[in-house]
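In what follows, a single structure is set out as structure tokens and then discussed.
Every read-out reported here was derived from the displayed coordinates using simple, explicitly stated rules and does not represent laboratory data. Being a predicted model, the structure only gives us computed values, none of them experimental. A quick note on method: Cβ atoms are made from the backbone with ideal geometry, for glycine too, and the neighbour counts reach across all protein chains shown.
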Amino acid sequence: MKKIVNTIIYGDCLEVLKTFPDNSFDLIFADPPYNLQLPKNRKLIRENGTEVIPVNDEWDKFESYEDYDTFTGNWIKECQRILKPTGTIWVMGMYHNVFRVGKIMQDLGLWFLNDVIWVKTDAMPNFNGRRFTNNHEILIWAVKNKNCKNYTFNNDFLKKINGGKQMKDTDWVFGLCKGKERLRDENGIKSHPTQKPLKLIQQVILTSSKKGDLILDPFLGSGTTAVVAKALERNWIGIEKEKKYVDLANKRIQNYNK
């Protein structure tokens, strides 16, 4: 394990996770595929007439709910195995997938601590006016099983940054990843379609880990977890199956050193 700490492993997480020993990680943060695919030939158009580019990458495509459930169950089961009894796991989702993910986690015996609501201050509106603006995402926070008691929760620190009051599961209110933080190519196109804001990952890591802890992100994407973990003096391992994102994340991490 020492040889791969603070590195990105290029590969499919379903296979890579199997190579880790039991009870290895203090914290796991997972931002998995949401299964966001639109029906064929359907487009999202902004009020100004421009088209919204949806998530259309192969890694987010599944044949059916059953296919998605099988994939989800396989990676969560491995994460449960390699999570320390004193560790916690965070899994992100939204209405497309989070209820399926939550059921699978509970069926496997993971014990929920909270469902934390990230309230987005600048969410994209519902353009056709047929339903509410989707203004939040959910983070399921859980331990390995119901017998786990001595997990890290930095309550005193969270109270300090929350005006002396105990933080609520709806106090995570901040914007999307935009501006200079958003990675873009030479044409101004988003380098990764679902890049999460640094503040979100920072909040997760500061909530539930200590300096020197080992953090796993099985869907590393643009590398945000690695960048934040490094800045906060945590160790980390990332898994990413898309070579272009491995290169993107490695470059981002290297630039952090400068």
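Here are a few things to note about the model shown:
- Computed extension gain for R184 through K199, at 0.36 nm per residue and net of the alpha carbon distance, reaches 3.5 nm.
- Placing +1 on each Lys and Arg Cβ and -1 on each Asp and Glu Cβ, with no other charges, gives the chain a dipole about its Cα centre of roughly 740 debye.
- Taking label points 7 Å from Cα along the Cα-to-Cβ direction, K18 and D247 give a separation of 2.9 nm.
- Fewest-first sequence of R184, R131 by Cβ atoms within 10 Å of each Cβ: R131, R184
- Cα gyration tensor shape of the chain, rounded if a/c is under 1.5, else prolate or oblate by comparing a/b with b/c: rounded
- Cβ-Cβ FRET estimate between K2 and R81, R0 fixed at 22 Å, reported to 0.05: 0.65
- Counting every other Cβ atom within 10 Å of each residue's Cβ, T152, T170, T72 order from fewest to most as T170, T152, T72.
- C-alpha center-to-center spacing [region 67-130, region 181-252] in angstrom: 18 Å
- Exposure proxy shown here: for W141, W111, the number of other Cβ atoms within 10 Å sets the order, fewest to most, as W111, W141.
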